[in-house]
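To keep things clear, I will list the structure first and then write my remarks on it.
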Amino acid sequence: MTDSPDLARRAASWSGHALDDDRLTLLVNYAEWLITEAIPAGGLGPREAARVWGRHVADSLIFAGGWVTAPAEILDVGTGVGLPGIPLAILWPETAVTVLDRGGRRIRLLTRAVRVLGLENVSVAQGDVFDVADEWHGLTFRGSVRAPEAVGVAARLLGVPGTAVLGLSRREEEPDRSRDLVGVAEALGMEARVVGVGPEILDGPAWLLIMRVGV
């Protein structure tokens, strides 16, 4: 499967959200920024340029599948160079997206990306999610926090109503731990389910854990 913006269209369609030409153009600009600035600065590995759509930009858009309609706000935990927060902010321009990371270098990269892309709905914050005390109605985790800890963070930070989406794996088979994670989430008072994304959508399968409170 060719790594291209077509993957973003497929991912958005799978998630149930529209991706018009203007938003796709912004995603193209972001992908180019990842290749020309983020990768040389060490924000992604040097080999990621060849799969920036399937493994990063389009992959981020599948997180939108956790919501039927665009949420009012999202805290993207451990965002790195803005994944999945920036693609979601482009998809949902009315959603207030806070991209949170601990690293100073990544924060500087994020601040530049937001300025270059002109994203007025994105706020950049430096810090550790374990120090966050506010309630959020939307949370995303893309491999930044160990899965069991992410479930605990979601239970602690989600307001009512609230939805959290955790990226579990890009492997062929559903992760063995996923059922245990569902059980932990339910024990903490959340509804939870594992969702698989078929290999025809991205450049291979993907697995998400969607957790909800009062939805």
Cα-based Rg of the stretch 51-150 normalised by 2.2 N^0.38 Å, two decimals: 0.99
Looking at the chain as a GNM with Cα springs under 10 Å, which of G42, G85, G65 has the largest mean-square fluctuation? G42
Placing each pseudo-label 7 Å from Cα in the direction of the beta carbon, V116 and V28 end up separated by a distance in nanometres of 1.6 nm
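Compute the length gained on full extension between F130 and R170: take 0.36 nm times their separation in residues and subtract their Cα-Cα distance, giving the result in nm to one decimal. Could the numbers behind the result be given before it?
Working: separation 40, 0.36 × 40 = 14.40 nm, distance 2.56 nm.
Extending this stretch completely gives an extra 11.8 nm.
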Mind checking the dipole of the chain: about its Cα centre, +1 per Lys or Arg Cβ, -1 per Asp or Glu Cβ, Debye to the nearest 20? 440 debye
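Grab the Cα-Cα distance for D20 and E73, subtract it from 0.36 nm times how many residues apart they are, and report the gain in nm with one decimal. Mind dumping the intermediate values first?
Values: separation 53, 0.36 × 53 = 19.08 nm, distance 2.10 nm.
Going from the current span to full extension adds 17.0 nm.
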Pseudo-spin-label distance V215 to D180, built 7 Å along Cα→Cβ, given in nm, is 2.5 nm
Calculated on alpha-carbon atoms, Rg and Dmax of the stretch 1-67 in Å: 11.9, 34
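Classify the stretch 175-215 from the C-alpha gyration tensor, please: rounded if a/c falls under 1.5, else prolate or oblate depending on whether a/b exceeds b/c.
On the way: a/c = 5.26, a/b = 1.94, b/c = 2.71.
Oblate, since a/c reaches 1.5 and b/c is not below a/b.
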Any idea how far the Cα center of the stretch 128-151 sits from the one of the stretch 199-215, in Å? 17 Å
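Taking a probe of 1.4 Å, how large is the accessible area per residue of the chain, in Å²?
On the way: 9580 Å² over 215 residues.
Computed with neighbouring chains in place, this is 45 Å² per residue.
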Candidates per trypsin sites (Lys or Arg not before Pro) in the stretch 85-176, loop by DSSP, up to 11 other Cβ within 10 Å: R146, R171
Send over the semi-axes of the chain's equivalent ellipsoid, whole angstrom and largest first, taken as the square roots of 5 times the C-alpha gyration tensor eigenvalues. 24, 20, 16
So which residue, out of I86, I39, I107, gets the largest mean-square fluctuation from a GNM of the chain using Cα contacts under 10 Å as springs? I39
Whose amide H sits under 5 Å from the amide H of L168, counting only residues 5 or more places off or on another chain, with H placed in the peptide plane? W207, L208, L209
Nitroxide proxy distance, nm - points 7 Å out along Cα→Cβ at T36 and E200: 3.6 nm
What number, in nm² with one decimal, is the all-direction average of the projected area of the convex hull of the alpha-carbon atoms of the stretch 120-215? 7.1 nm²
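Return the calculated 222 nm mean residue ellipticity for the chain, to the nearest 500 deg cm²/dmol, obtained by summing -39500 (n - 2.57) across DSSP H runs with n ≥ 4 and dividing by the residue count.
Theoretical 222 nm ellipticity from helices: -9500 deg cm²/dmol.
The values are calculated or read from the model by the stated rules, or taken from the named source; none is laboratory data. Owing to the predicted nature of the structure, the values given are computational and were not obtained by experimental measurement. As a convention, Cβ positions derive from the backbone with ideal geometry for all residues, glycine included, and neighbour counts pool all protein chains shown. These accessible areas exclude ligands, DNA and RNA; they are computed on the full protein's heavy atoms, side chains included. Shrake-Rupley method; radii C 1.70, N 1.55, O 1.52, S 1.80 Å.
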